[in-house]
């Protein structure tokens with residue numbers, strides 16, 4: 001995934017920590033440049049539980065791993081004795097970040113201040129991203145009325161194995177995520193050498209996503225706008241070839257909208273040959289909306305497939321930070337703050353690059369409430385398969401009567417459903433983690 005030059009700088013990181021003891025800035029940079037671990041193992045449970053796709057009964061029956069089948073039907077029991085991959089991978093990211101942050105305390109910053117700050121900022125960003133992913137799947141949706149008592153996640157803050165762990169509150173969880181990102185944003189370089197590393201824009205983009213998820217629309221707007229002030233280039237979809245199997249640039253070719261690159265891989269439910277798009281989603285796109293041909297393969301009309309991956313390849317789900325989402329966040333926050341004209345200005349700038357040249361008519365709204373509804377509809381259409389973004393949206397929007405939805409699926413003749421704010425929107429912690437640590441399990 002990374003360039004050859006970057007690969008040559010990798011440290012041969014051993015799976016057993018006793019095999020190598022990092023001590024230098026070069027060592028810590030190499031740990032953070034382990035792309036296969038830190039940029040290619042984003043969480044999947046929320047993606048599996050979201051509603052922009054479906055699978056056939058035959059595919060469902062063939063799925064390997066009980067957690068895939070159980071997550072797809074929103075079952076109370078997920079693992080059936082199996083491994084909790086999302087929990088394990090996210091805390092592996094946290095563990096690597098903590099090794100780096102603890103190690104940097106033993107190094108004189110003055111020997112190379114810029115590199116020291118870049119490494120520290122990257123580690124803080126990785127830890128915050130992992131905590132946010134965990135909170136979005138294993139903790140209650142943020143509610144300012146109950147956040148100081150609702151159970152959050154385990155905030156592992158050091159690399160010490162003997163550190164006693166317990167679950168924080170939701171309020172503490174999000175405060176730590178924000179604290180890490182604010183510190184990272186203050187010391188990271190404006191532009192990263194590689195898009196698999198964090199930058200100021202990446203930290204600001206994640207801050208915008210986090211603040212949006214907890215309903216702080218003033219701060220979410222502040223940081224999405226800050227990203228767009230740095231870079232606001234959008235792909236003109238008129239310049240892409242809809243006849244290609246995967247029309248968007250690969251990571252190697254470079255997607256100008258991508259600020260930070262990470263992906264979800266290895267989840268067999270998400271491969272292009274298995275994951276089908278419901279007709280109602282496909283019909284949301286106008287005829288002149290180029291996303292209709294660039295995002296979807298309709299060679300078999302009864303089996304619409306998604307092909308608009310921002311990774312430019314099959315089944316590698318983009319989970320990173322991109323400019324198109326920043327436009328959407330700015331548009332949503334302006335609408336929620338009562339500024340309909342500013343909201344639609346952001347949205348229209350985005351959509352103008354998505355429609356056939358000369359066919360787009362700027363959207364308008366009678367008031368901010370209508371503008372918000374328009375923005376949320378376009379958000380779903382623009383980023384239907386961006387990691388667990390749809391899952392995060394379902395959780396936060398279920399708190400609002402106007403946007404709450406009940407999901408349902410039919411599998412082998414049985415209808416499965418999940419109503420808004422159901423406890424099953426919080427995934428269970430893997431039983432092995434409960435057994436080892438004694439932390440409290442989520443109630444489903």
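Applying 1/(1 + (r/R0)^6) with r as the Cβ-Cβ distance of residue 352 and residue 436 and R0 = 51 angstrom yields a FRET efficiency of 0.45. The calculated Kirkwood hydrodynamic radius for region 367-444 is 15.1 Å, given to one decimal from all distinct C-alpha pairs. Given their separation in residues at 0.36 nm each and the Cα-Cα distance between them, residue 218 and residue 186 gain 9.6 nm when the chain is fully extended.
Alpha-carbon geometry of region 298-424: the Rg and the Dmax are 16.6, 47 Å, given in that order. The order of the peptides 78-85, 216-223 by mean Cβ neighbours within 10 Å, most packed first, is 216-223, 78-85. Once the Cβ-Cβ distance between residue 403 and residue 37 is put in as r, and R0 is 30 Å, what FRET efficiency do you end up with, to the nearest 0.05? After rounding to 0.05, the efficiency reads 0.25. Note: relative contact order over the chain, using C-alpha pairs below 8 Å and six or more positions apart, is 18 percent. Over region 142-231, the alpha carbon radius of gyration divided by the compact-protein estimate 2.2 N^0.38 Å works out to 1.23. With label points built 7 Å along Cα→Cβ from the Cα atoms of residue 83 and residue 287, find their separation and express it in nm. The answer from the label model is 5.1 nm. Peptides 295-308, 402-415 ranked from most to least packed, by the mean per-residue count of other Cβ atoms within 10 Å: 295-308, 402-415.
Kindly provide the Kirkwood hydrodynamic radius of the chain in Å, to one decimal, from all pairs of distinct alpha carbon atoms. About 22.5 Å for the chain. Taking a ≥ b ≥ c as the square roots of the eigenvalues of the Cα gyration tensor, region 220-301 is prolate, since a/c reaches 1.5 or more and a/b is larger than b/c.
Equivalent ellipsoid of region 164-305: semi-axes from √(5λ) of the C-alpha gyration tensor, largest first, are 33, 20, 16 Å. Ranked from largest, the principal axis spans of the Cα set of region 134-173 equal 34, 17, 10 Å.
FYI, it's all coordinate maths here, none of it is from the lab. Worth saying up front: this structure is predicted, and the values here are computed from it rather than measured. Cβ sites come from the backbone with ideal geometry, for glycine too, and all protein chains shown count toward neighbours.
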